[in-house]
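Working notes, beginning with the structure itself.
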Amino acid sequence: MNKLPRTTMTPDHPVITVGVSLVVLAGMVLLSVRPPESLGAGPAGGVAHGIADAVEQRLPASGEPDALTVVDPAALTGLEEEALEYDGVSAEVSFPVLPNAEPLTAFLRERLAAEVRAFDAASPGAESYRAGWSVTAASDGLIGVRMANAETDSEGEKETRATYWYDTGDGTTRGSQSLLDGQSGLAALNTLVRERLGDSADAGAVLPVASLYDSVGFNPDGDLVVEFDAGQVAAPGAGPLTAVVERAEAEPLLSGFGRRALRAATTGVEEFSVSAAPQGDGGPADEPVPGVLPPVDDAVDCADPEVKCVALTYDDGPGGGTPELLDLLAEYDARATFFVTGLPVMEHPRTVRRAYAEGHEIANHTLNHPDLAGMGAGGVHADLDTVQALVYRETGYTMDLMRPPYGSTNDNVGSVTRDMGLAQVLWSIDTNDWKDRDPSVVADRAIDGASDGAIILMHDIHPSTIAASHKIVRELDARGYRMVTVSQLLGDTEPGERYVDGVPDEPPADAPSDGAQERSHRPGD
Ligand code: NI
């Protein structure tokens, strides 16, 4: 995982203050009300004794109806706290440490550093990152840790939330998205959440993508609670928003893991400890994460000779006309790849999220559109890294393709992109749409140039290109092309390698093969 930040070991003596300052920092009120001493969940009076034995007696959980359950940290035996060490923006981040839950500690140490680092990289005016924690479940072999963060940059302070779920049995930690039963469960929840938020949110911004569902849990009654960061689905001034979906409607949408979490979060905790180290090594759970959308569609096989594939690519955006382009692509069930540039991403973040949610591929086209071949390794890395962080924060997606501006690349760029896990994508058809702002000229170049495996270069910041795209998409569709993402066209790509097209690599019948040629690896010019 070369994209994760370095993390340093923490002090030998973690601060043991599960205290007031943290609670204040987290912006929460910890309810210290103890559940009733009588384990009162069962039938009163001892009538029907046999049934009472079968009914599990559980303490009610504590918390507010419109917020995640709160577990009193005093109930957690051996609880300590660790402070994150981060070399960069001013960071005050702490997280809980429990005996026999080392994989949770390791996960939080790495993940929180990655989140701080993404904030640092994505925010040119980054000033500070503060984060405090609370526990929202500690029962049934699960621990839920909720982080409440305050990010400060030149725009001011923004509150964000994230909740992680640790399985004490196998040592895995999952993000909140994994509480849902696959992408369909998340999509169904998203519809309910959009209804619940009503006019308080911008409905078009509420999409079933990972970035929006990173803080999900339950209130003490088991209703599902989704926490959105400030500015994520409404104007930043509105602060963080919360949606509550009633238990009866939410429960059918949960994964098995999610149902365990529901049970844990609705159980009051008087005392909790992890009795033994986990069985597993705490590596990531090997399962797809709802809301993390692969840029390929398994139903399309571009390697099939009967299937003609072409990749439409749009650079330098998104722009004001990109939503119209997305409407068009949706109409034809076509996919495109958007090589986005940093400043437009900051200007149109929700367009990026929408494109991602609709199955298009998002790829890196640098922050400021420099000639990378004229830069040092550090500069290339920093520029690309900022856009990686911007898109990750908006979508939850880590891009693995980039396109060097002007197609200008060299060994240095190859080396940096290899280290960053990014393949370099050039093009086989140049529409020159930036120069010739005539829709019919641009459309003809794209349509005439199209062939199986072609990668077509355009720019969605020009109205003439949006206009041309209507004809291009209609005509390519009529000619039987599947318009696919670059990752769909190329299949697996190698970081650092250059690709200009996805033409199937059959050696020419009339020429001797020169051996190990790489058909889709031809260097671009
Ligand atoms: Ni460009």
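Within the set of pairs 6 or more residues apart or between chains, which connect a residue that is open to solvent by 80 Å² or more (accessible area, probe 1.4 Å) inside the range 276-301 to a residue that is assigned to a loop (DSSP other than H, G, I, E, B) and among the hydrophobic types (A, V, I, L, M, F, W, C) with Cβ atoms less than 9 Å apart?
Going by the 9 Å Cβ cut-off, the qualifying pairs are Asp301/Val307.
Of everything in the range 341-370, what is touching a helix residue (DSSP H, G or I) at 6+ places or on another chain (Cβ under 6 Å) and under 18 Å from Gln424 (Cβ atoms)? Give them in sequence order.
Correct list: Gly342, Glu361, Ile362, Asn364, Thr366, Leu367, His369.
Does the range 91-105 contain at least one residue that is surrounded by fewer than 20 Cβ atoms within 10 Å (Cβ to Cβ) and of a type in the set (Gly, Ala, Ser)?
no
Just checking, does the range 118-136 include any residue being closer than 30 Å to Gly256 by Cα and surrounded by fewer than 21 Cβ atoms within 10 Å (Cβ to Cβ)?
Within the range 118-136 (the criterion being closer than 30 Å to Gly256 by Cα and surrounded by fewer than 21 Cβ atoms within 10 Å (Cβ to Cβ)), the answer is no, since none of the residues qualifies.
Can you pull out every residue in the range 340-360 that is within 13 Å of the ligand (Cβ to nearest atom) and within 18 Å of Thr398 (Cβ to Cβ)?
Val340, Thr341, Gly342, listed by residue number.
For Ala114, state whether it is within 30 Å of Thr77 (Cβ to Cβ), out of contact with any strand residue (DSSP E or B) (no Cβ under 8 Å at 6 or more places or on another chain) and of a type in the set (A, V, I, L, M).
Spelling it out, Ala114 is indeed within 30 Å of Thr77 (Cβ to Cβ), out of contact with any strand residue (DSSP E or B) (no Cβ under 8 Å at 6 or more places or on another chain) and of a type in the set (A, V, I, L, M).
For the range 448-478, how many residues are of a type in the set (D, E, K, R) and in contact (Cβ under 8 Å) with a residue 40 or more places away in the chain?
4
Tell me which residues, restricted to the range 361-406, are assigned to a helix (DSSP H, G or I), of a type outside the set (A, V, I, L, M), more than 16 Å from the ligand (Cβ to nearest atom) and open to solvent by 30 Å² or more (accessible area, probe 1.4 Å).
Gly378, Gly379, His381, Tyr392, Arg393, Glu394
Quick check: anything in the range 410-432 small (Gly, Ala, Ser) and within 14 Å of the ligand (Cβ to nearest atom)?
Checked against the condition, which is being small (Gly, Ala, Ser) and within 14 Å of the ligand (Cβ to nearest atom), the range 410-432 yields no hits at all.
Condition check ((1) out of contact with any Ser or Thr (no Cβ under 6 Å at 6 or more places or on another chain); (2) charged (D, E, K, R); (3) not in a helix (DSSP H, G or I)) across all residues:
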| site | (1), (2), (3) |
| --- | --- |
| Asp221 | yes, yes, yes |
| Glu227 | no, yes, yes |
| Gln232 | yes, no, yes |
| Ala248 | yes, no, no |
| Glu251 | yes, yes, no |
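Of the numbered conditions (1) open to solvent by 20 Å² or more (accessible area, probe 1.4 Å); (2) modelled with pLDDT of 95 or more, Tyr86 satisfies every one except a single condition; which is it?
Status for Tyr86: all satisfied but (2).
The values are calculated or read from the model by the stated rules, or taken from the named source; none is laboratory data. Fair warning: this is a prediction, and the values are worked out from it, not measured in the lab. When we count neighbours, we look across all protein chains shown, and the Cβ atoms used for this are built from the backbone with ideal geometry, even at glycine. Calculation scope for accessible area: heavy atoms of the full protein, side chains included, ligands and nucleic acids excluded. Shrake-Rupley method; radii C 1.70, N 1.55, O 1.52, S 1.80 Å.
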